[in-house]
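The values are calculated or read from the model by the stated rules, or taken from the named source; none is laboratory data. Bear in mind that the values here come from a model prediction, so they are computed numbers and not experimental data. Don't worry about glycine lacking a Cβ; one is built from the backbone with ideal geometry, like all the others, and counts go over all protein chains shown. Areas reflect the complete protein model, heavy atoms only, side chains present, ligands, DNA and RNA absent. Shrake-Rupley method; radii C 1.70, N 1.55, O 1.52, S 1.80 Å.
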Amino acid sequence: KALPIIKCNCRHLNTHQTHNPAPQQLVGVVGLEIHAQINSSTKLFSGAPVRFSAPPNSLVSFFDASLPGTLPVLNKRCVEAAVMTGLALNCAINRKSLFDRKHYFYADLPAGYQITQQRLPIAVDGVLTYSLLGGKKRNQVMRKNVTIKQIQLEQDSGKSLHDDVRSQTLIDLNRAEGQLRVDANVSVHRPGEPLGVRTEVKNINSIRYLARAIDYEIQRQIDVLQRGGTVQNETRAYDSKSGFMPEPNLPPLILYEDNASLPTGIDACQVVVVQKIKEGLPELPSVKRDRLVQTYGILPEHSFTLVNEDGLVDYFEAVLKTTKKEPRKVIGWVTNELLGHLKQEDMSVCQSPISPSALAELLELQETGHISSSVAKQVFQKMWRSPGKTALQITQEQDLGLVSDTAQLHSICQKVVDSHPDEVHAIRSGNKKVLNKLMGLVQKETKGRADPVLVRAILQKKTS
């Protein structure tokens, strides 16, 4: 109980449509109530610690147990997190917000009410602009908006543990939520007509299940209406008009715009200053993707890959700092070679046995002509299996450097030309693409160590 929760309400028009080609197709409207756990060391209204998988009822203060005479004390860290969330979602931050009591009886709520912010929450009227890849090749960046109704701080309830064997229910007042829980309100209607009757899907705890639940519910309602039926209002939302009252034990929550707006004698460390939080906002995903595309000239789809994988942007930029290789070439190594190996072994970026500086050294060897692209991939594999060994060490130990001795390459190329008269005839007849086959045979002879530029020049001369 009293675990810090940010509750966010948003609404989105879903693009799910019927396959009926009629002009007025049914579309889904989705409203989400998102409960997100704040990353704080203590609970929202008490000093009891927050720790995942702690033994039941081991992190419970007197207030959490609703003992008479105990009062809530607001956690400043949670307020700052709510303000930061509001700023990130382009909300208006209310300089004054209020706490309410939501009254209902349930065993995991010993006080008989839950402290929340219903009438005047900490942040309102936000917009989340998100990007996705669309088009036939999924390489076109499409931007869409979701409106955010409000963000509120809310006390968490306890957790009911049902024992079917003994026909009893046990209560754990440590916590109830995971890091995320979503209630989805879903309805369908034809554009231009009033919204349809909504149903509520509660307690969804993953993004994947949320998407499945919404898609299923939209299609279910469409099927009902197309059969001539009526969608039933099955929501269990609480009636806000009759169930809430002001929280008498908490004064209004006052925020200050900047240090200049602080009343005389107020210590800035004891209050929440919006400007200070705004200055500490991290780079948001959409801003980061745009920056990567504009700064490095990479494709939009590559920016999605970088941002969606925790730590991959930092890795990519660290490689670029120590290599002269073009960013558009480096991105292939990071998203294909590195990320491919990480996914194959179920590892995170921070667990990579090849550091950014080590990969940069490998790319420099290729860029300066010391090794070929095919050898570079061989060296990468060996570096992955032998952490600590540098690209240069592996190249020298296994003699993988480029063969650039002109006489030696002339001899190998002549051997390939002499043994493939049909291909030589095709090249001389105008089919220049066949030259690539001969180049591949030369590389096979040299185990990928031949200088491709030099090999091409020699072969062109011998087949002209």
First in the range 437-464 and more than 14 Å from D405 (Cβ to Cβ) and at pLDDT 90 or above, second anywhere and among the acidic types (D, E) and open to solvent by less than 50 Å² (accessible area, probe 1.4 Å), Cβ under 8 Å, 6 or more apart: K437/E423; L438/E423
Where D422 falls short, out of the listed (1) at pLDDT 90 or above; (2) within 15 Å of Q460 (Cβ to Cβ); (3) over 45 Å from the mean Cα position of the chain (by Cα): (2)
Selection count, the range 91-103, where residues are out of contact with any helix residue (DSSP H, G or I) (no Cβ under 7 Å at 6 or more places or on another chain) and farther than 14 Å from V274 by Cβ: 4
Total residues in the range 172-209, condition open to solvent by 20 Å² or more (accessible area, probe 1.4 Å), farther than 29 Å from G47 by Cβ and of a type in the set (A, V, I, L, M, F, W, C): 4
K377 vs. criteria in a helix (DSSP H, G or I), open to solvent by 30 Å² or more (accessible area, probe 1.4 Å) and of a type outside the set (A, V, I, L, M, F, W, C): yes
Filter result for N90 (closer than 29 Å to D172 by Cβ, in contact (Cβ under 8 Å) with a residue 24 or more places away in the chain and of a type in the set (S, T, N, Q)): no
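Collect the residues in the range 334-348 that are open to solvent by less than 10 Å² (accessible area, probe 1.4 Å) and more than 19 Å from S374 (Cβ to Cβ), keeping them in residue-number order. Don't jump to the end; show me each part of the working.
Step one: of the range 334-348, the residues open to solvent by less than 10 Å² (accessible area, probe 1.4 Å) are 334, 338, 342.
Listed by number, the list holds a single entry, L342.
Within the range 312-333, how many residues turn out to be among the basic types (K, R) and open to solvent by less than 20 Å² (accessible area, probe 1.4 Å)? Break it down stepwise before answering.
Keep residues of the range 312-333 that are among the basic types (K, R), which gives 321, 324-325, 328-329.
Subset that is open to solvent by less than 20 Å² (accessible area, probe 1.4 Å): 325.
The total comes to 1.
Please state which one of D418, D405, D422 is out of contact with any helix residue (DSSP H, G or I) (no Cβ under 6 Å at 6 or more places or on another chain), within 28 Å of T368 (Cβ to Cβ) and open to solvent by 70 Å² or more (accessible area, probe 1.4 Å).
Sole residue among the options that is out of contact with any helix residue (DSSP H, G or I) (no Cβ under 6 Å at 6 or more places or on another chain), within 28 Å of T368 (Cβ to Cβ) and open to solvent by 70 Å² or more (accessible area, probe 1.4 Å): D405.
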Residue count for the range 320-372, restricted to those that are polar (S, T, N, Q) and closer than 23 Å to S404 by Cβ: 4
Boolean, N145 is of a type in the set (S, T, N, Q), part of a loop (DSSP other than H, G, I, E, B) and either in contact with a Ser or Thr (Cβ under 6 Å, 6 or more places away or on another chain) or at negative phi (or both): no
Residue among P121, P49, P72 that alone is farther than 24 Å from L210 by Cα and either touching a helix residue (DSSP H, G or I) at 6+ places or on another chain (Cβ under 7 Å) or at pLDDT below 95 (or both): P49
Near pairs, Cβ below 7 angstrom, 6+ apart or cross-chain, from the range 326-342 (within 16 Å of W384 (Cβ to Cβ) and of a type in the set (D, E, K, R)) to any residue that is open to solvent by less than 40 Å² (accessible area, probe 1.4 Å) and part of a helix (DSSP H, G or I): E337/F380
Leading residue by the ranking (nearest to V83 (Cα to Cα)) among those in the range 263-311 that are part of a loop (DSSP other than H, G, I, E, B) and among the acidic types (D, E): E283
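Within the range 305-333, restricting attention to residues that are of a type in the set (A, V, I, L, M, F, W, C) and touching a Pro at 6+ places or on another chain (Cβ under 9 Å), which residue is farthest from S374 (Cα to Cα)?
Step one: filter the range 305-333 for residues of a type in the set (A, V, I, L, M, F, W, C), giving 306-307, 312-313, 316, 318-320, 330-331, 333.
After this cut, where a residue has to be touching a Pro at 6+ places or on another chain (Cβ under 9 Å) as well, the list is 307, 316, 318-320.
On the way: V307: 28, F316: 21, A318: 24, V319: 20, L320: 21 Å.
Once the filter is applied, the top-ranked residue is V307.
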Complete set of residues in the range 425-459 that are within 50 Å of the chain's Cα centre (by Cα) and open to solvent by 80 Å² or more (accessible area, probe 1.4 Å): K432, K433, N436, K437, K444, E445, K447, V453, R456
Odd one out for A213 among (1) open to solvent by 20 Å² or more (accessible area, probe 1.4 Å); (2) assigned to a strand (DSSP E or B); (3) not basic (K, R): (2)
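For the range 255-269, what are the residues that are in contact (Cβ under 8 Å) with a residue 12 or more places away in the chain and of a type outside the set (S, T, Y)? Talk me through it step by step, then tell me what you get.
Here is the first cut: in the range 255-269, the residues in contact (Cβ under 8 Å) with a residue 12 or more places away in the chain are 255-259.
Listed by number, the residues that qualify are L255, E257, D258, N259.
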